[in-house]
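Quick notes on the structure that follows.
The values are calculated or read from the model by the stated rules, or taken from the named source; none is laboratory data. The structure presented is a predicted model; accordingly, all values stated were derived computationally and were not measured. For neighbour counting, all protein chains shown are included, and Cβ atoms are generated from backbone atoms with ideal geometry for every residue, glycine included.
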Amino acid sequence: MVAVAATGALTVRASGSELVPEGTPVREARGQFRGRVVRVFGPVARPYLSVRSRAAPSPAEAVALIGATVVRE
C-alpha cells in the first residue's frame, strides 16, 4: 500500500516484519524504480517505510500510486 505526501515522498506499508534497511531500492510491481527507503517507522510487526524518489511524482502519477503495491529489489 502506498500513500503520497505533499513533498512527493512515498509512505509504504511493509508486507511483514522482515527488516528493510535504509537505502533499499524500491520498485513498482511492474518494475519501475520509485526510490530508496530513507526511514523505517511504526509497529515492528508491520512497519511503514518512507521512500524518497529522485523526483516528485506528477499529480497523475501520484494518483496512480495511491494504494499500489511496491516491491524492494
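A compact table of results
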{"quantity": "Qualifying positions in the range 37-73 - of a type outside the set (A, V, I, L, M), at negative phi and in contact with a strand residue (DSSP E or B) (Cβ under 6 Å, 6 or more places away or on another chain)", "calculated": "39, 41, 47, 48, 50, 52, 53, 72, 73"}
{"quantity": "Within the range 10-41, considering residues that are surrounded by fewer than 11 Cβ atoms within 10 Å (Cβ to Cβ) and of a type in the set (D, E, K, R), the one modelled with the highest pLDDT", "calculated": "18"}
{"quantity": "Residues within the range 8-17 that are in a loop (DSSP other than H, G, I, E, B) and either of a type in the set (D, E, K, R) or on the phi > 0 side of the Ramachandran plot (or both), tallied", "calculated": "1"}
{"quantity": "Test: residue 67 is exposed (fewer than 10 other Cβ atoms within 10 Å of the Cβ) and either hydrophobic (A, V, I, L, M, F, W, C) or out of contact with any helix residue (DSSP H, G or I) (no Cβ under 7 Å at 6 or more places or on another chain) (or both)", "calculated": "yes"}
{"quantity": "From the options 44, 63, 20, 26, residue that is in a strand (DSSP E or B) and of a type in the set (Val, Ile, Thr)", "calculated": "26"}
{"quantity": "Test result for residue 50, out of contact with any helix residue (DSSP H, G or I) (no Cβ under 6 Å at 6 or more places or on another chain) and at pLDDT below 85", "calculated": "no"}
